[in-house]
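The values are calculated or read from the model by the stated rules, or taken from the named source; none is laboratory data. Values in this document were obtained by computation on a predicted structure and should not be read as measured data. Cβ coordinates were reconstructed from backbone atoms using ideal geometry, including for glycine residues, and neighbour counts include every protein chain displayed. Heavy atoms of the whole protein, side chains included, go into the accessibility calculation; ligands, DNA and RNA do not. Shrake-Rupley method; radii C 1.70, N 1.55, O 1.52, S 1.80 Å.
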Amino acid sequence: MPITLRPLDARHFSAWLERSRAEYAKDLVASGRTSEDAYRHADASMAQFFPSGIPTPGHVVFDVVDDAGVTVGYLWIGPDTSDDAGAWWIWDIVIDADKRGRGLGRMAMLLGEEYARAQGAHTLGLSVFGFNTGARGLYESLGYETTSVKMRKKLD
């Protein structure tokens, strides 16, 4: 099933911002943060990269669209936060839960790599929560290597 990346329509941007914020906060809670702290962190992240509700230069959000024209997820990609203009980052990628397991995430990642390369990127990084074993397996199968690991132990 081929897919395409289509720039997110500006009319849908505020809804996307809220969805991405909520999904990020949910993952932060799953990783051990309080709900209040998770939303505060998600809000700060969105404010940093989307001041006034629009992306900072170089950042783009794509709808992931299947061959039937149905949006099945999204990809947010752009420069990383270093001073290296060729270092890019997958800031967020989500394939809708009912569409997973069909290779759509893999295809979206490969298209994201092509896009980044066309923009002058020489590296592409990402973060993945430790509990997200499916995504970690996908990224490893695409050649992404672990560059750092955070660990925590609950002392309750």
Item to check | Residue selected from the range 9-22 under the condition small (Gly, Ala, Ser) and more than 16 Å from Ala44 (Cβ to Cβ), by the criterion least open to solvent (accessible area, probe 1.4 Å) | outcome: Ala15
Checklist outcome for this item: Checked against (1) of a type outside the set (S, T, N, Q); (2) at pLDDT 95 or above; (3) under 18 Å from Phe129 (Cα atoms), Val64 satisfies every condition except (3)
Item to check | Near pairs, Cβ below 7 angstrom, 6+ apart or cross-chain, from the range 84-103 (over 12 Å from Val72 (Cα atoms)) to any residue that is among the charged types (D, E, K, R) and outside any helix (DSSP H, G or I) | outcome: Ala87/Asp80; Trp88/Asp80; Trp89/Asp80
Checklist outcome for this item: Of the residues in the range 23-43, those that are without any contact (Cβ under 8 Å) to a residue 60 or more places away in the chain and surrounded by 13 or more Cβ atoms within 10 Å (Cβ to Cβ) number 12
